[in-house]
Amino acid sequence: MTAAELFEKLRPIQEAKGYFFNQDREGITLPLLESLLINKERYGYMVCPCRLASGDREKDKDIICPCIYREPDVAEYGSCYCGLYVSRDWNEGRIPHVPVPERRPPEKMFL
Amino acid sequence: MSEKLVKLYALSTCIHCRHTKDFLNECGIKYDCVDVDTLQGEERQAMIDEVKRYNPNCTFPTILIGEKVIVGFRKDEIEEALKS
């Protein structure tokens with residue numbers, strides 16, 4: 001599957017839930033979807049491209065995309081940690097674009 | 001811009017890390033870069049321990065500019081650190 005195919009497959013499902021792909025399709029969305037496919041190949045599951053996976057699905061389940069932190073991050077910042085999923089307001093420039101801090105508790109990474 | 005030691009701890013799959021690399025390249029900055037996700041086993045663990053010394057949360061990108069540590073692609077902070 002290509003990043004473009006993954007884009008077409010996921011977009012209607014995610015938009016129905018109120019999550020939109022970053023409007024910077026070439027600069028952010030497609031590269032991140034490509035990275036998800038790479039991680040699927042590497043680890044067997046689509047772990048977040050912007051976090052270091054452990055390789056153990058059980059330990060990484062909170063950061064399998066869409067991660068459990070997407071909802072609070074999009075609610076607070078209009079964007080998920082890696083910038084793949086954003087709110088309509090974020091995409092239409094009604095809220096500032098700021099780096100999203102890591103919400104995941106650090107100890108989860110070193111289990 | 002000063003000749004400071006610049007080191008970037010990154011993930012090959014992370015877009016913010018890629019934008020950080022692009023920015024440093026555009027500025028003509030020479031830097032060391034490690035894509036931690038491409039390492040395996042002990043080498044990977046040793047690098048995680050190294051990152052944690054500067055950024056206990058071990059998030060990426062983590063950028064060292066001289067003595068300064070910057071976490072995330074924060075362009076203005078990077079520019080400031082390169083200039084000072």
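Every read-out reported here was derived from the displayed coordinates using simple, explicitly stated rules and does not represent laboratory data. Quantities reported herein were computed from a predicted structural model and do not represent experimental measurements. Cβ coordinates were reconstructed from backbone atoms using ideal geometry, including for glycine residues, and neighbour counts include every protein chain displayed.
Brief remarks follow.
- Euclidean distance between Cα centres, the range B:1-27 to the range A:74-92, Å: 24 Å
- Sites matching trypsin sites (Lys or Arg not before Pro) across the range A:47-111 that sit in DSSP coil, with at most 11 neighbouring C-beta atoms within 10 Å: A:94
- Ranking of A:109, A:1 by count of other Cβ atoms within 10 Å, fewest first: A:1, A:109
- Chain A: C-alpha gyration tensor shape, a/c 1.5 cut-off, then a/b vs b/c: oblate
- Across chain B, the mean sequence separation of Cα contacts (distance under 8 Å, 6 or more residues apart), normalised by length, yields a relative contact order of 39 percent.
- Cα-based shape type of chain B, given that a ≥ b ≥ c are square roots of the gyration tensor eigenvalues and the cut on a/c is 1.5: prolate
- Phi angles of the range B:12-24 translate, via the Karplus equation with coefficients 6.51, -1.76, 1.60 and θ = phi - 60°, into HN-Hα couplings of 5, 8, 8, 6, 5, 5, 4, 5, 5, 4, 4, 5, 5 Hz per residue; Gly and Pro are given as x.
- Sequence-ordered 3J(HN,Hα) estimates for the range B:53-59 from the Karplus curve with 6.51, -1.76 and 1.60 and θ = phi - 60° stand at 5, 9, 9, x, 6, 6, 9 Hz, glycine and proline given as x.
- Chain B, helix-only ellipticity at 222 nm - DSSP H runs n ≥ 4, -39,500 (n - 2.57), divided by all residues, nearest 500: -13000 deg cm²/dmol
- In Hz, Karplus ³J(HN,Hα) per residue of the range A:94-104 (6.51, -1.76, 1.60; θ = phi - 60°; x = Gly, Pro): 7, 10, x, 9, 10, x, 8, x, 6, 8, 5
- Residues A:86, B:6 in ascending order of nearby Cβ atoms (within 10 Å, fewest first): B:6, A:86.
- When you restrict to C-alpha pairs under 8 Å that are six or more residues apart and normalise by the size of chain A, the relative contact order lands at 23 percent.
- Charge dipole magnitude, Cβ of K and R +1, D and E -1 - the protein assembly as shown, Cα centre, debye nearest 20: 220 debye
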